[in-house]
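Enquirer: Pasting a structure here, questions to come.
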Amino acid sequence: MVVVADAGARLTWNLVTDTRQLFAFHFMVNAFRAGTVVAVAAGAIGWFMVLRRQAFAGHTLALVGFPGAAGATWLGIGAAWGFFGFCSIAALSIAALPHRDARGYSEQSAGIGVIQAFALACGFLFVSLYRGFLNGVNALLFGSFLGITDGQVLVLLVVGAVALAVLVVAGRPLLFASVDPGIAEARGVPVRVLSLVFLLLLGLTVAEVSQITGTLLVFALLVMPAAAAQALTARPASSLALTVAISLVVTWAGLGAAYYSPYPIGFFVTSFAFAVYAAATATAAVRRAPGPNIAPAP
Amino acid sequence: MREAARDAIHARGAAVALGGRTVWQGLDLAVGQGEFVAVLGPNGVGKSTLVKAILGLVPLSAGALSVLGGRPGEHNAGIGYLPQRRAFDAGLRVRGVDVVRLGLDGDRWGVPLPGRTRRRRDADARVADVVNLVDATAYAKRPIGEISGGEQQRLLIAQALVRRPRLLLLDEPLDSLDLPNQAAVAALVSRICHDEGVTVVMVAHDVNPILPYVDDVVYLGPGGAVAGAPKQVITSATLTRLFGTPIEVLQASDGRLVVVGQPEPPAYHADRHEHP
């Protein structure tokens, strides 16, 4: 992986020296801690989101984080609370929209779109109400890894751990409900409750990811690793593990690249994830190309 | 009349009403263990509702119904159910064996411990057995979205069978399959019914693919329901009485039955999205 270093950066291309430099400052240690928590949570939840075809809902939840954070900053109560609060409320709103089966789908996406547009407009209002905040808008939309405090890392860790714990308990029925809601419901799986729980988890995770990649680039960690892993393998356990691994690698690489260059972290994380996704889809396409000729006749 | 407790399904004067409207009534039915019974009738007549009543998901408004010797819903663990459904999304990247496996333990909370535990070996063996039983071994490890509708339907039947049910409820499993696949899946269900001793109740739109295999048919109509051997039920006289309008049953030279005059929309797939 080639990292284009700025002339002023101290990248020595010596792995040991560079790694030591990377962790020399406490803010950078915290950035890696936060990035690791976020990457694991985003990978695991994002895998289910891609499987459930809820990317649009995920994106809307992310955009709702923007007015949440902007409003919280305007009120002076810390952006993280705005992210978590607004994303959770939006998740409940989306869960309350009529859904299920193909007929209701367009209606639901229209409803989600309405929430998304309104959220962006509110964010814009809050930003203009808080005039001195304009420099922070970039960080809210496109991410930042500077100045993450120990307290923020702890909040991220607690929320991430709760989300993962719920996923561990509900993972198998959730997979069943995602793959085939009709049969899962007939088998006694509480499909509607799981759908609500998943949207809440998605809201919390999106709020976490937004704090690193910004609201506009959450898909770098929420969609790309999962889509890449699912293109490479159809085994649920393997592709879930691969998703988390890809998510971690692109986050760490993005943090490293952003540290040694003057360019923002959101760009690097997204670009690395995009490179992995492109490579994975190309691999899958190449693998599939001779398929019909060599596959055993059904 | 056989003894009710020994039958897999036994109904006396059963009726179901949904939202104040009677869906069907006067259903007398006796399905013996190991029999293959088809539920027939035009669109919207309540075929899926009968399956749901057997599962205890829809209450009876009159009459009595016993399933596997108990109330409907009491012995659902012994029932394998395949709801009416559309095909899987083509982009769904989950293997066929995983879908079958979900039928075995997909409703259990928690995540299985990694490693080769005994339970996991047993589960893997059971899934492999049942996939083999429906002749799906060749494609069971491919993503389920990428295989054909007939192949998906076989794997779903495997999923319904994976817990060794005594009763198999299949709601329009032949719907949206082409004719050769309809014949093949019907033959497969018949073979499972006989070899495994599983009672099969199959909702069908067209009786012809399953006519060589079924023991009995249940014909639902607006006036009530008729159950019995296909030759007694699917006749001009019986169906005319059931529908209260002149109906003619014609037999083609290859043995296929054609029901003419049945009040039914012409489009074959018209009831695919019906969820009564």
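Enquirer: Considering only segment A:122-146, state which residues are modelled with pLDDT under 75 and touching a helix residue (DSSP H, G or I) at 6+ places or on another chain (Cβ under 9 Å). It would help to see each step written out before you state the result.
Expert: First, pick out the residues of segment A:122-146 that are modelled with pLDDT under 75: A:131-136.
Listed by number, the residues that qualify are A:Phe133, A:Leu134, A:Gly136.
Enquirer: For B:Gly145, work out the one condition from (1) closer than 23 Å to B:Val200 by Cβ; (2) touching a residue at least 24 places away in the same chain (Cβ under 8 Å); (3) in contact with a Phe, Trp or Tyr (Cβ under 8 Å, 6 or more places away or on another chain) it doesn't fulfil.
Expert: Unmet for B:Gly145, out of (1) closer than 23 Å to B:Val200 by Cβ; (2) touching a residue at least 24 places away in the same chain (Cβ under 8 Å); (3) in contact with a Phe, Trp or Tyr (Cβ under 8 Å, 6 or more places away or on another chain): (1).
Enquirer: Then there is this: Out of (1) at negative phi; (2) modelled with pLDDT under 90; (3) within 15 Å of the chain's Cα centre (by Cα), the odd one out for B:Asp178 is which?
Expert: B:Asp178 satisfies all of (1) at negative phi; (2) modelled with pLDDT under 90; (3) within 15 Å of the chain's Cα centre (by Cα) except (3).
This table checks each residue for (1) buried (at least 23 other Cβ atoms within 10 Å of the Cβ); (2) away from chain B (no Cβ under 11 Å); (3) closer than 22 Å to B:Gln159 by Cβ; (4) under 18 Å from the mean Cα position of the chain (by Cα).
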| residue | (1), (2), (3), (4) |
| --- | --- |
| A:Gly136 | no, yes, no, no |
| A:Asp150 | no, yes, no, no |
| A:Val158 | no, yes, no, yes |
| A:Glu185 | no, no, yes, no |
| A:Val191 | no, no, yes, no |
| A:Thr205 | yes, yes, no, yes |
| A:Val209 | yes, yes, no, yes |
| A:Ile212 | yes, yes, no, yes |
| A:Ala220 | yes, yes, no, yes |
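Enquirer: Follow-up. Can you tell me which residue among A:Phe274, A:Phe267 is without any contact (Cβ under 8 Å) to a residue 60 or more places away in the chain and surrounded by fewer than 24 Cβ atoms within 10 Å (Cβ to Cβ)? Explain how you work it out, then say what you get.
Expert: Details: A:Phe267 fails: without any contact (Cβ under 8 Å) to a residue 60 or more places away in the chain.
After ruling out the rest, the residue left standing is A:Phe274.
Enquirer: Here is a follow-up. Take segment B:141-156 and flag every residue that is more than 17 Å from A:Ser238 (Cα to Cα) and either more than 9 Å from chain A (Cβ to nearest Cβ) or assigned to a helix (DSSP H, G or I) (or both).
Expert: Listed by number, the residues that qualify are B:Gly145, B:Glu146, B:Gly149, B:Gly150, B:Glu151, B:Gln152, B:Gln153, B:Arg154, B:Leu155, B:Leu156.
Enquirer: Give the residue that is nearest to A:Pro236 (Cα to Cα), with candidates limited to residues of segment A:133-188 that are of a type in the set (D, E, K, R) and part of a loop (DSSP other than H, G, I, E, B).
Expert: A:Asp180
Enquirer: Report those strands (runs of 3 or more DSSP E) wholly inside segment B:194-259 carrying at least 3 residues which are crowded, with 22+ Cβ neighbours inside 10 Å.
Expert: Once the strands (runs of 3 or more DSSP E) in segment B:194-259 are filtered for at least 3 residues that are crowded, with 22+ Cβ neighbours inside 10 Å, what remains is B:199-203, B:216-221.
Enquirer: While we're on this one: Give the residues of segment A:1-30 that are at pLDDT 85 or above and in contact with a Gly (Cβ under 9 Å, 6 or more places away or on another chain), sorted by residue number.
Expert: Across segment A:1-30, the qualifying residues are A:Phe27, A:Asn30.
Enquirer: Of all residues in segment A:166-205, which are among the basic types (Lys, Arg) and touching a Gly at 6+ places or on another chain (Cβ under 8 Å)? Give the derivation first.
Expert: Pass one, segment A:166-205, residues among the basic types (Lys, Arg): A:172, A:187, A:192.
Within segment A:166-205, A:Arg172, A:Arg187 meet the criteria.
Enquirer: A follow-up question, please. Among the residues of segment B:99-140 satisfying the criterion of being touching a residue at least 24 places away in the same chain (Cβ under 8 Å) and closer than 18 Å to A:Arg172 by Cα, which is nearest to the other protein chains (Cβ to nearest Cβ)?
Expert: Only one residue tops the list, namely B:Leu102.
The values are calculated or read from the model by the stated rules, or taken from the named source; none is laboratory data. Keep in mind it's a predicted model, so treat the numbers as computed, not measured. Glycine also receives a Cβ, built like all others from the backbone with ideal geometry; neighbour counts cover every protein chain displayed.
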